[in-house]
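**Q** Quick one: this structure, given as structure tokens, is what I'll be asking you about.
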Amino acid sequence: MLPFRKSRGVGRLITAGALGDPLFQWFSTVVAFGVIGLLVVITVILSLAASESIRAFGLGFLTGAVWNPVPPLVFGSLPFVYGTLVTSALALLFGVPISIGIAIFLSELSPPWLRIPLTYVVELLAAVPSVVYGLWGIFVLGPVMRASVEPVVQGIFGFLPIFQGNPIGTDKFTAGVILAIMIIPTISAVSREALLAVPENQREAALSLGATRWETTRLAVLRYARAGIFGAVILGLGRAVGETMAVTMTIGNRNAISVSLFDQGQTIASWIANNFLNATDPLELSALIELGLVLMLMSLVINIFARLMLGRVLRRGEGSA
Amino acid sequence: MPPKIHTEKLSAWYGPKRAIEDITLDFEEHAVSAIIGPSGCGKSTLIRCLNRMHETIPKARAEGKVLLNDEDVYALPAVTVRRRIGMVFQKANPFPTMSIYENVAAGLRLNGVRDRDKLDVAVLESLKQAALWDEVKDSLDKSGASLSGGQQQRLCIARALAVRPEVLLMDEPCSALDPIATAKIEDLIFDLRKDYTVVIVTHNMQQAARVADTTAFLYLGKLIETAGTRELFERPKETLTESYITGRFG
Amino acid sequence: MNLGAFFCVVIALIPLGSLLFEATVRGIRSISPGFFALTTANGGIGNAIQGTLILIGLTAAIALPVGILTGIYLAEYGKNRVGAAIRFFVDVMTQIPSIVVGIFAFSLLLELGAIGIVSSRLVFSTTTGVIALSTIMIPFVARTSEEALRLVPISTRESALALGIPRYRAILRVVLPSASSAVITGALLGIARVGGETAPLLMTCLGSGYWFEGLDQPCESLPHTIYVFALGPDSALNQAAWGASLILVLMMLGIAIASRVVIRLRAGTR
């Protein structure tokens with residue numbers, strides 16, 4: 001006689017897995033599908049809420065430059081799309097070279113003892129909440145920009161229209177710089193992965209041809225990893241586009257399209273943040289939600305593109321190994 | 001005639017571990033020299049010291065002399081040495097983001113050659129010397145990684161030859177290839193001796209017998225014996241050599 | 001090249017250093033027992049800390065089980081085309097800008113209130129805030145959990161099954177525990193992420209000058225407090241914003257350190 005009690009009936013079916021396995025699989029599948037269902041709900045709800053505005057303005061919403069919350073109610077998103085693109089472009093301009101430099105340093109040049117602590121520290125940049133960056137932007141970076149950086153830039157490049165105007169420190173330029181800082185961890189981390197995925201035999205091949213250290217990095221490593229680095233940059237762009245708080249606090253919140261980087265501006269995210277609670281007319285609320293939908297689509301397209309780039313890198317890495 | 005490469009009491013370490021010890025060896029010009037021995041005997045380490053690739057590994061170091069035409073290889077800049085002594089690796093490593101043409105031209109471009117005509121000529125000649133021209137002449141734009149294993153290895157040989165080195169080092173170039181590809185490469189090695197000095201590391205004794213003029217036998221980091229290939233295989237002087245050749249250990 | 005790359009590293013560290021320095025130096029001036037005891041209506045952050053803890057506690061209670069279970073599905077049962085599609089959409093969800101998530105939660109409750117399922121007063125409440133934060137945290141935790149489970153070698157699963165253990169038990173009792181440190185790290189990172197979010201709270205749980213009043217009432221939070229204090233004209237509140245930032249950053253650091261400690265501890269018991 002066995003020293004333990006045999007389970008009977010349904011209990012036995014569950015513990016032996018005959019019932020338990022399908023049950024658990026079904027349960028976790030339902031939950032996973034539920035999560036996707038949430039995505040469907042998000043899309044449906046947002047589309048419903050924005051529908052009034054979509055019906056009212058159609059495609060003109062994307063090209064209109066006027067946001068008029070009093071009758072006659074007209075809402076257009078162009079200034080905000082413009083602001084988003086300008087600040088994101090600035091963010092990439094400053095952030096990408098620095099991020100790639102960091103990635104090269106950490107993967108190729110850093111002495112081993114420095115590598116891990118330095119990686120942690122760069123990750124730390126990503127851990128700081130956006131609103132704290134905004135606070136720092138208002139009270140530390142902004143004044144520095146106004147007193148030192150922007151006048152100097154204007155002194156040297158002031159003949160260019162993008163550097164004209166009155167630099168007061170809260171403007172598209174400062175917002176772009178803060179965004180650059182915020183996307184550095186993303187771009188450098190993914191670039192670093194791409195660089196580390198380069199097989200050692202590539203470096204050897206270049207060295208054996210008589211390449212110097214820099215030539216080896218350029219020829220064998222960067223070139224091999226370029227798709228991955230490009231994907232990293234696009235990911236960074238995706239982050240910059242959706243960033244709200246730091247930008248809202250440093251961009252000056254003026255609804256206007258202007259050429260100069262030293263002028264105040266607005267991004268999609270900052271406009272929503274500033275005006276959502278102030279919207280009195282339901283049409284305005286609907287327009288703001290439509291704006292959110294536009295932002296979501298922008299972010300979606302950018303991230304899918306990045307995924308395609310990076311996916312190709314991963315697949316190629318397996319193929320040529 | 002002075003040897004093309006002369007090593008004098010060459011030793012090399014990986015960190016604290018000594019890989020080769022006091023190797024004094026000559027490699028004749030316009031000849032193929034083979035280095036044979038069981039796994040771990042230091043064959044790869046030895047040739048990597050010749051073109052100063054050994055020192056690219058962290059904590060690796062070498063002592064002793066390596067002379068190229070009486071010039072001290074360790075007194076010259078490493079980059080110069082590697083342009084004069086080329087290398088082909090065990091596993092073919094073409095640059096996958098570059099076309100066949102660009103792969104072969106890579107070394108020349110590094111040397112500052114920009115003239116398209118010069119590059120065309122060099123690519124053509126190198127691919128011919130590597131016995132690959134006929135197979136790829138219509139698809140020079142295709143990626144270097146799109147070729148078969150044997151073709152990729154011949155591409156790497158072409159790439160190494162394009163910079164016109166004086167010496168070509170080959171580290172078990174056929175060990176990852178099938179017999180047909182191996183045969184093609186052995187044929188081309190045989191032809192290369194006209195213009196180059198070739199040093200080939202192989203764990204395959206029959207291969208050494210087929211292609212090499214001189215063979216050196218290494219065991220546990222030491223040079224046991226070196227002689228003309230036929231003489232080494234038919235009348236080895238050391239018992240250790242004889243045991244290895246007759247397959248008593250591998 | 002060496003110098004250039006190193007220079008890039010230095011340039012990136014300057015803002016980080018400045019930020020931490022300023023947050024510490026300026027923030028410390030606000031730290032006092034009163035700061036924690038007073039509500040935001042009176043210049044303190046007591047209710048903000050309370051609010052943040054409540055928000056992330058409730059969010060974690062919902063998002064962790066759902067996210068981890070989804071991660072289990074993706075890692076264990078999601079190796080086919082359907083799984084790939086779900087993974088793709090979960091990834092899409094992680095990329096939704098957080099302010100859009102806030103708009104969603106707002107609109108959802110507005111819609112539900114209009115239909116009459118719930119009280120329309122709920123639109124601006126802790127509940128809505130939790131819905132928004134959960135929507136952010138669930139996909140994040142799902143992906144980190146999946147990655148964590150993927151790290152467990154196939155041989156572990158096979159040896160469990162070879163002992164006659166049913167698959168669901170093998171997953172729950174063998175695979176999940178061996179991935180636990182990575183799963184926990186993912187969970188902690190998710191908590192840190194939502195703890196620092198402001199945008200989705202702007203139109204959901206708003207803010208409040210008072211101590212927590214209920215799930216159906218607005219709720220203050222640390223990030224929101226920082227935002228409001230920073231933008232106001234009152235320089236005393238501006239100063240308080242630095243104090244609140246210091247506390248928030250310390251919380252983030254605390255969570256980051258906790259996750260490293262967890263990894264160390266579990267690695268030690270292996």
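**Q** Can you list the residues, at least 5 places off or on another chain, whose amide H is less than 5 Å from the amide H of A:VAL74, using H built in the peptide plane?
**A** Answer set, sorted by chain and number: A:ASN68.
**Q** Residue by residue through segment B:39-49, which ³J(HN,Hα) values in whole Hz follow from phi under the Karplus form 6.51 cos²θ - 1.76 cosθ + 1.60 (θ = phi - 60°), with glycine and proline marked x?
**A** With coefficients 6.51, -1.76 and 1.60, one gets 4, x, 7, x, 4, 5, 4, 4, 6, 5, 6 Hz.
**Q** Which three extents, in angstrom, do the Cα atoms of the protein assembly as shown have along their principal axes, listed largest first?
**A** 101, 96, 55
**Q** Follow-up question, since we're still on this one. Return the single residue from A:ARG254, A:ARG218, A:ARG307 with maximal mean-square fluctuation; model: Gaussian network over chain A, springs between Cα atoms under 10 Å.
**A** A:ARG218
**Q** Right, another one. In whole Hz and in residue order, list the ³J(HN,Hα) couplings for segment B:117-125 that follow from phi through the Karplus curve 6.51 cos²θ - 1.76 cosθ + 1.60, θ = phi - 60°; x for Gly and Pro.
**A** Taking θ as phi minus 60°, the curve returns 5, 4, 5, 4, 4, 5, 4, 4, 4 Hz for segment B:117-125.
**Q** Of B:LYS128/B:LYS184; B:LYS59/B:LYS222; B:LYS17/B:LYS43; B:LYS43/B:LYS222; B:LYS137/B:LYS194; B:LYS17/B:LYS222, which sit over 19 Å apart, Cα to Cα?
**A** Distance filter (> 19 Å) returns B:LYS59/B:LYS222; B:LYS137/B:LYS194.
**Q** Can you tell me which of A:LEU118, A:LEU23, A:LEU297 moves the most in a GNM of chain A? Springs connect C-alpha atoms under 10 Å apart.
**A** Judging by the Gaussian network model, the answer is A:LEU23.
**Q** Using only Cα atoms, locate the centre of segment A:118-193 and the centre of segment C:106-137, then give the distance between them in Å, rounded to an integer.
**A** The two parts, judged by their Cα centres, are 35 Å apart.
**Q** For B:GLU225, what residues show an amide H to amide H distance below 5 Å, using hydrogens built from the backbone and excluding near sequence neighbours?
**A** Amide H neighbours of B:GLU225: B:PHE217.
**Q** Go through C:TYR168, C:ASN47, C:ILE226 and say which Cα lies farthest out towards the positive end of the charge dipole of segment C:40-269; charges sit on Cβ, +1 for Lys and Arg, -1 for Asp and Glu.
**A** C:TYR168
**Q** At q = 0.17 Å⁻¹, what is the base-10 log of I(q)/I(0) for segment C:40-269 according to the Debye formula with one equal point scatterer per Cα and no solvent? Please give it to two decimals.
**A** Taken in order of the listed q values, log10 I(q)/I(0) reads -1.17.
**Q** Oh, and also: Give the cysteines in chain C for which no other Cys Cβ lies under 4.7 Å away, or write none if there are none.
**A** C:CYS8
**Q** Please say if segment C:117-172 is rounded, prolate or oblate, where rounded means a/c under 1.5 for a ≥ b ≥ c the square roots of the C-alpha gyration tensor eigenvalues, and otherwise the choice is prolate for a/b larger than b/c and oblate otherwise?
**A** Details: a/c = 7.83, a/b = 2.91, b/c = 2.70.
Judged from the Cα gyration tensor, segment C:117-172 comes out prolate (a/c at least 1.5, a/b above b/c).
**Q** Just the ratio, please: alpha-carbon radius of gyration of segment B:1-115 over 2.2 N^0.38 Å, N its number of residues.
**A** 1.18
**Q** Using a/c under 1.5 as the rounded threshold, could you call segment A:39-114 rounded, prolate or oblate? The axes a ≥ b ≥ c are square roots of the C-alpha gyration tensor eigenvalues, and prolate needs a/b larger than b/c, oblate otherwise.
**A** Prolate is the answer for segment A:39-114, as a/c is 1.5 or above and a/b outweighs b/c.
**Q** Taking the number of other C-beta atoms within 10 Å as the exposure measure, put B:ASP120, C:ASP234 in order starting with the fewest. Could the numbers behind the result be given before it?
**A** Working: B:ASP120 13, C:ASP234 10.
If I rank by nearby Cβ atoms, fewest first, I get C:ASP234, B:ASP120.
**Q** Now, a different point. Roughly speaking, what is the centre-to-centre gap between segment B:174-227 and segment C:4-47 when only Cα atoms are used, to the nearest Å?
**A** After rounding, the separation between the Cα centres reads 67 Å.
**Q** Which of C:PRO65, C:PRO200, C:PRO223 moves most in a GNM of chain C, Cα contacts under 10 Å?
**A** Ranking C:PRO65, C:PRO200, C:PRO223 by mean-square fluctuation puts C:PRO65 first.
**Q** Going through the DSSP H helices of chain A, which span 18 Å or more along their own axis at the Cα atoms while scoring at least 1.6 as a mean Kyte-Doolittle hydropathy?
**A** A:78-104
**Q** A further question on this structure: How large, in Å, is segment A:166-231 by the Kirkwood hydrodynamic radius built from its alpha-carbon pairs?
**A** Averaging 1/r across every pair of different Cα atoms and inverting gives 13.9 Å.
**Q** How many angstrom separate the Cα center of segment A:28-79 from the Cα center of segment C:140-191?
**A** 39 Å
**Q** Which helices, taking whole DSSP H runs in chain C, have alpha carbons extending 27 angstrom or more along the helix axis plus mean Kyte-Doolittle at least 0.0?
**A** Both cut-offs are met by C:2-28, C:46-72, C:126-150, C:235-269.
**Q** Which of the three applies to chain A, rounded, prolate or oblate, going by the alpha-carbon gyration tensor with a ≥ b ≥ c and a/c under 1.5 meaning rounded?
**A** oblate
**Q** What list of ³J(HN,Hα) couplings, whole Hz, do you get for segment B:21-38 from phi and the Karplus terms 6.51, -1.76, 1.60, once you set θ to phi - 60° and write x for glycine and proline?
**A** Result, rounded to whole Hz: 10, 6, 8, 10, 8, 10, 10, 6, 6, 6, 9, 9, 10, 10, 10, 10, x, x.
**Q** Only helical DSSP H runs with n ≥ 4 go in: add -39500 (n - 2.57) per run for chain B, normalise by residue count and round the 222 nm mean residue ellipticity to 500 deg cm²/dmol.
**A** Theoretical 222 nm ellipticity from helices: -10500 deg cm²/dmol.
**Q** Using only DSSP helix segments of four residues or longer, with each worth -39500 (n - 2.57), what per-residue ellipticity at 222 nm results for chain A after dividing by its residue count and rounding to 500?
**A** On the way: 14 runs with 214 residues, N = 321.
One gets -22000 deg cm²/dmol as the mean residue ellipticity at 222 nm.
Read-outs throughout are calculated quantities, based only on the coordinates presented, and are distinct from any laboratory measurement. This is a predicted model, so every value here is computed, not measured. Heads up, the Cβs are rebuilt from the backbone with ideal geometry, glycines too, and the neighbour counts pull from every protein chain shown.
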